[in-house]
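Bear in mind these aren't lab numbers, they're just calculated from the coordinates by the rules spelled out. Computed from a predicted structure; not experimentally measured. In this analysis, Cβ positions are derived from the backbone assuming ideal geometry, glycine residues included, and neighbour counts consider all displayed protein chains.
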Amino acid sequence: MIERKIAADVVEQFGNLIALRKTEEQSFPGIAQLFVASVLQCQPLAEVEVLTAAGKRLDLVEEAADLGPICHKRSFGSEHVSVQEEIVVHDDEAALRLTLVSKAASDLELILRISGGVLMSPQGVPYHWDEEKRIQGSLSPECIQVDWRNLVRLVLTFSEPLDGGGIAALSEDDVAKKLYFHTFNAKKRYRYWVERETRIPSTGLSKAAGRNLTYCGTKAISLRPGESYTMEVRFALGDVPGRAYTELQAARERAWHEFLAQVPEFSSDHTELTETYYKSWFVLFANRMRFPESRFQYPFTSVNKFHYYNQFFWDSGFHAIPWIWFNDKEPAQSELKNFVLNQWRSGMIPYELFLYDVNGREWMETDAKTTAATQPPTLAISLMEIFTKFGDREFLEFFYEPLLRYEEWLWRYRDLGRRGLSYVFHIWESGTDNSPKFDPVHKNRLLDPPLELVDFNVFIYLLRQTIVKMAEILGKEVPAGVKERIALTKQSANAVFLDTDEGFYYDVWADSTKQVKVKAFSGVLPLITDWPDDKVRARLLNDYLLSEEEFNTPCPVPSVSMSEPSFASHDFWRGANWPQITWTFVYGLKRNHHFEAASLILDKYLAESTKHHFCNEYCDSVTGQDVGLPFQGWGTLYVDHIIRHLCGIEPTETGFQFHPLATRYTSLEVRDVRLRDMIVHVKAQADHWVVTIDGEVAITAPRGAVFTAGVENGNLVIAGPKDLDIAVIASESSHARPLEIRTAD
């Protein structure tokens, strides 16, 4: 059994619609930050202070912490008392168990003071109607209840009644706000907090209403020398009070171990790889979300439960990729289905599905449940990868007709010149919000003028190719228009996007040939298609992607070239490295037989980013240092890098192709990868690989060897070079399938 190394330094905890966080500067007993989907933040939820009978606050010092994937435990101490804090989160519940032990030589009379603040979407959009900003709160000795409209109810219950307390409304000025992110032409991001002094209301009100609320309650306790006292604070969304700590912890532990049982085991002497692999699976587990509304019939992976709460189109396309390696097809297959449920009658697939109607108030007073805009259709890649791994034709059938309507919408409403190139009408449709290629637009705009983007059209081109493949698999006739537009897109891309003098693809203003002369990653992305001829392909590779003056940074691939005046290696879409873009390059280069380029990029990217990474939104393209938000869904693409590219397992429709990329990583082992009817183990030795299938057949392959293995007509068929050493481990009588070996000439 390979040791599963899960990071023990995670200060965050995750449920379904809730996420908790406690930073170093919030070193106190209790639950610090709690986020509820996209509308409520508790800052803090419940801070617990220990006071003397005279009201003097004891200074508690954190002495130890054990922060695991199931629960968090911290120990605090002072001269007279020690405090053990235990917090567990599961589904839409959280439980805090506090145990106080007297260290005094005589009896102690103490007061526990519990306080918190509940904020209505401080980071969110400026809601226009007072009733939508207002939350209602009530406090009793047994519990605190907060309601927002009839949509969200949170309940905080105490295992023993409070002696007294109060609840009150706060103004926005009462809430501390700290800027933590700012860049050109992007939303500022803030952290919020209700300071302790503000949380202690002078009134004993039992009810209050406002955009922000605060509460405070007290409980007097007596402790003899060595005696202990335990109190629980239980949180839940909905009408049912939260479960006790022991019950909730048992449920969490059971869910975590059931999840791990479906995760292929991985180990390496390169410990940063092992840690990153299991961190990624933890984030996938943590970010899984179910939302109780018919628009969200299928569970999905949250982009980030601390900031990007809704479901996003291009994010979900990337989220599905690591789920392919989970030994249960449900998460991968359900990841994108909600977008079909929310497809517009026109055929448009929106880029964002809102959990709540008020999320649509970004631009106007409307009850829209989705955006009126789309995003790059990255599902063009993920849908076929999911099908290849699991072979479920019904899965393809679910998407086929909706994708035909979406492709028709792109042609009818987004192709102004009828030349196979679709435009975006807003920067958010691009996904690359503040790229310098949009700077000319922002300097001269009343509204965002439409641009035909190279990367947007690369994914649309791949989408059309995917539709053709789906039709062939499902036995359907491919609409003639789709094939025609594939050819038209390729022709127009080389006539309009490509600067033949520079050998680079540039975005253009819609239905024109006016190029936006900014060297973004998108200009090299056609390498993953058949657009470039051999001459252009060589220039894209050598003059740009692999050039240390352009895109070959120490942690490639940057969002814009180093030669751009606006380049900043840490800055969002103005030079930072984004994991989904690097993944797309490695995946696409390998598919197009640029193995050396794919290997170089993967090797450098992993070497730099895994030193620091916690599945971040993006990272510094020079140092690999974390920059964006941690626990980002597409940050988990490390799973695919490790299994597909380092360990070399490429799913096929009958089994797999073994084709690892050559990197510095020579110590690798992955076990229990399930592919159709096979269970595969891969282990790297000093100068060769050992690939075991079903524990019965062992294939020893030299470094650099490529072979395939699959089940055909009941036979296990292995095809590869002559220097493969294939051995049957089990006796012939126990071997489940006949073995057929095909040797290349």
Quiz item: Where does each of 188-197, 304-313 land if you order them by average Cβ count within 10 Å, highest first?
Solution: 304-313, 188-197
Exercise. Sort K611, K490 so the one with the fewest other Cβ atoms within 10 Å of its own Cβ comes first.
Key: K611, K490
Exercise. Grab the DSSP H runs of the chain that are 4 residues or longer, score each as -39,500 (n - 2.57), total them, divide by all residues and round the 222 nm result to the nearest 500 deg cm²/dmol.
Key: -7000 deg cm²/dmol
Exercise. Can you tell me the FRET efficiency between D66 and E472 if r is taken as the Cβ-Cβ distance and R0 is 35 Å, rounded to the nearest 0.05?
Key: 0.05
Exercise. Starting with the highest mean, order 391-397, 455-461 by the number of other Cβ atoms within 10 Å, averaged over the residues of each peptide.
Key: 455-461, 391-397
Practice problem: Quote the Stokes-Einstein diffusion coefficient, in whole µm² s⁻¹, for the range 12-253, based on the Kirkwood radius over alpha carbon pairs, a temperature of 37 °C and a viscosity of 0.692 mPa s. | Solution: 178 µm²/s
Exercise. For helix 271-287, report the angle its Cα long axis makes with the longest principal axis of the Cα atoms of the chain; keep it between 0 and 90° and round to the nearest 10°.
Key: 70 degrees
Quiz item: With the Cα gyration tensor of the range 137-229 giving a ≥ b ≥ c as the square roots of its eigenvalues, does the rule (a/c under 1.5 for rounded; else a/b larger than b/c for prolate; else oblate) give rounded, prolate or oblate?
Solution: prolate
Exercise. Assign one of three labels to the range 262-646, namely rounded, prolate or oblate, based on the Cα gyration tensor with a ≥ b ≥ c the square roots of its eigenvalues; rounded applies when a/c is under 1.5, prolate when it is not and a/b is larger than b/c, and oblate otherwise.
Key: rounded
Self-check item: At R0 = 22 Å, FRET efficiency that the Cβ-Cβ distance of Q297 and D392 yields, to 0.05
Solution: 0.80
Exercise. Specify the angular offset, from 0 to 90 degrees and rounded to the nearest 10, of the alpha carbon long axis of helix 595-609 from the longest principal axis of the alpha carbons in the chain.
Key: 10 degrees
Self-check item: Protection proxy ranking, peptides 561-568, 340-347, average beta carbon neighbours within 10 Å, highest first
Solution: 561-568, 340-347
Exercise. Using the 2.2 N^0.38 Å rule of thumb for compact globular proteins, work out how the chain stacks up: its C-alpha Rg over that value, please.
Key: 1.03
Quiz prompt | Computed over the range 651-743, Cα set: Rg, Dmax in Å | solution = 12.7, 41
Self-check item: Net charge of Cβ neighbours under 13 Å - reference R419; Lys, Arg +1; Asp, Glu -1
Solution: 0
Practice problem: Determine the sum of side-chain charges near F300: Lys and Arg each +1, Asp and Glu each -1, restricted to other residues whose C-beta is under 9 angstrom from that of F300. | Solution: +2
Quiz prompt | lysines whose Cα lies under 16 Å from that of K219, excluding same-chain neighbours fewer than 8 positions away | solution = K56
